[in-house]
Amino acid sequence: MIIYMFLIVAAILFLWAGKRFITTPRIGRVIYGPKGKARNLKTVIVLAISVLVGLVAFVIAALSAKGSLPQSLPAELLLPGIWVGNMLVVFSLAAYFLHFDRLYLIGVMFAICVPLDIVLKELLHLDLTFVAFGVPAMVILIIGGIVLARFLRKYSRPTEESI
């Protein structure tokens, strides 16, 4: 969990630095109108609901670990199902509201991590969590790198004279 939290912090810092040093100097800041603000608000609401679903999944996992769940709720299927459903719904709604089609693919990549991890453990009897999460992450990073390279080619850094 500590490694996961470290990776999240590193990702947030990386995104902040990219916006601060790459995007903003080239194309400036965006000031959204009423439609853009409404779209962003809907996305924030979807993400807040996702956090609530994540908290419910955490409670289910904690109850399952203590043996407090009824036997009719198999946690080994319920939690991955919640993960997949949550990722697909959240990313799809965010992609729809933000008009950001690539986010559908990113949602699928996030959704397949947990089931892929379970399948690899069951079939190969090895802990290949790094592979299950790493391969979809690499797909996302490669696509992001391609988009970044195109952006850098299209928008050169402004010189002091042009400012």
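The values are calculated or read from the model by the stated rules, or taken from the named source; none is laboratory data. Note that the structure is a prediction, hence the values are computed from the model and not measured. Here the Cβ positions follow ideal geometry from the backbone for every residue, glycine too, while neighbour counts run over all protein chains shown.
How many residues does the range 98-114 hold that are over 11 Å from the mean Cα position of the chain (by Cα), in a helix (DSSP H, G or I) and within 19 Å of VAL44 (Cβ to Cβ)?
1
Give the range 28-54 a look and list any residue that's in a loop (DSSP other than H, G, I, E, B) and of a type in the set (Ser, Thr, Tyr), or say none.
Hit for the range 28-54 is TYR32, nothing else.
Quick one: which of ALA95, ALA57, ALA61 is under 30 Å from LYS42 (Cα atoms), surrounded by 16 or more Cβ atoms within 10 Å (Cβ to Cβ) and modelled with pLDDT under 85?
ALA57
Taking the range 24-39 only, how many residues are without any contact (Cβ under 8 Å) to a residue 12 or more places away in the chain and surrounded by 10 or more Cβ atoms within 10 Å (Cβ to Cβ)?
Residues flagged as without any contact (Cβ under 8 Å) to a residue 12 or more places away in the chain and surrounded by 10 or more Cβ atoms within 10 Å (Cβ to Cβ) within the range 24-39 amount to 5.
Taking the range 64-92 on its own, how many of its residues are at pLDDT below 75, more than 21 Å from ASP117 (Cβ to Cβ) and assigned to a helix (DSSP H, G or I)?
1
What number of residues within the range 5-40 satisfy the criterion of being modelled with pLDDT under 90, hydrophobic (A, V, I, L, M, F, W, C), within 22 Å of the chain's Cα centre (by Cα) and under 20 Å from TYR96 (Cα atoms)?
Selection size over the range 5-40: 0.
Test ARG157 against the criterion of being touching a residue at least 60 places away in the same chain (Cβ under 8 Å), farther than 18 Å from TRP83 by Cβ and surrounded by 10 or more Cβ atoms within 10 Å (Cβ to Cβ), and give yes or no.
Here the answer is yes, as ARG157 does meet what is asked.
Identify, by number, the condition in (1) within 17 Å of the chain's Cα centre (by Cα); (2) surrounded by 15 or more Cβ atoms within 10 Å (Cβ to Cβ) that LEU78 doesn't meet.
Among (1) within 17 Å of the chain's Cα centre (by Cα); (2) surrounded by 15 or more Cβ atoms within 10 Å (Cβ to Cβ), the lone unmet condition for LEU78 is (1).
Do we have ILE2 as in contact (Cβ under 8 Å) with a residue 40 or more places away in the chain, more than 23 Å from VAL119 (Cα to Cα) and among the β-branched types (Val, Ile, Thr) here?
no
Just checking, which of GLY67, GLY85 is surrounded by fewer than 10 Cβ atoms within 10 Å (Cβ to Cβ) and more than 23 Å from LEU152 (Cβ to Cβ)?
Checking each option against the conditions leaves just GLY67.
Counting only residues that are more than 23 Å from the chain's Cα centre (by Cα) and more than 17 Å from PRO80 (Cα to Cα), which one in the range 115-138 is surrounded by the fewest Cβ atoms within 10 Å (Cβ to Cβ)?
HIS125
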